[in-house]
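The values are calculated or read from the model by the stated rules, or taken from the named source; none is laboratory data. Since we're looking at a predicted model, the values are computed, not measured. All Cβ positions, even for glycine, are placed from backbone atoms using ideal geometry, and neighbour counts span all protein chains on display. For accessibility, only protein heavy atoms count, side chains too; no ligands or nucleic acids. Shrake-Rupley method; radii C 1.70, N 1.55, O 1.52, S 1.80 Å.
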Amino acid sequence: AEINSRGPAVIRSRLRVGVLSFQGSDTTTGLAFSLSQEIAAALARFRWFDVIAPSLPFARRNATPRGPKKQLDYVGDGNLRKSGEKLQVSVRLLDVSQDAQPVWSERF
């Protein structure tokens with residue numbers, strides 16, 4: 001059970017995963033946002049957790065993804081960088097149920 005600041009304990013049976021809008025350079029911002037939307041859509045296919053997708057391509061990444069409405073267990077975020085004709089994608093998954101701790105990261 002979790003304590004909601006607005007009322008009694010709320011029991012959640014499913015994990016909640018938030019996907020933040022990926023960061024990109026001036027030339028890759030739109031692509032970075034689209035990539036984060038696609039990742040959220042792919043994760044939403046799994047039935048054992050709920051996914052909260054990014055809603056604004058230019059949302060502040062330093063905003064706390066937790067709070068009474070969000071109550072997230074995990075957060076995924078990433079960066080998209082372009083070097084010449086090559087794209088580099090860095091993705092990480094953070095456990096934010098207590099303090100933010102990295103669970104997984106990968107670079108493509």
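If you check every pair at least six apart or on different chains, which have Cβ atoms under 8 Å apart with a residue in segment 59-83 that is more than 26 Å from Phe108 (Cβ to Cβ) and open to solvent by less than 50 Å² (accessible area, probe 1.4 Å) first and a residue that is modelled with pLDDT of 85 or more and not small (Gly, Ala, Ser) second?
As it stands, the answer is Gln71/Arg16, since those pairs meet every condition given.
Select from segment 9-31 the residues that are assigned to a loop (DSSP other than H, G, I, E, B) and hydrophobic (A, V, I, L, M, F, W, C) and write down the one among them that is modelled with the lowest pLDDT.
Going through the qualifying residues, I end up with Ile11.
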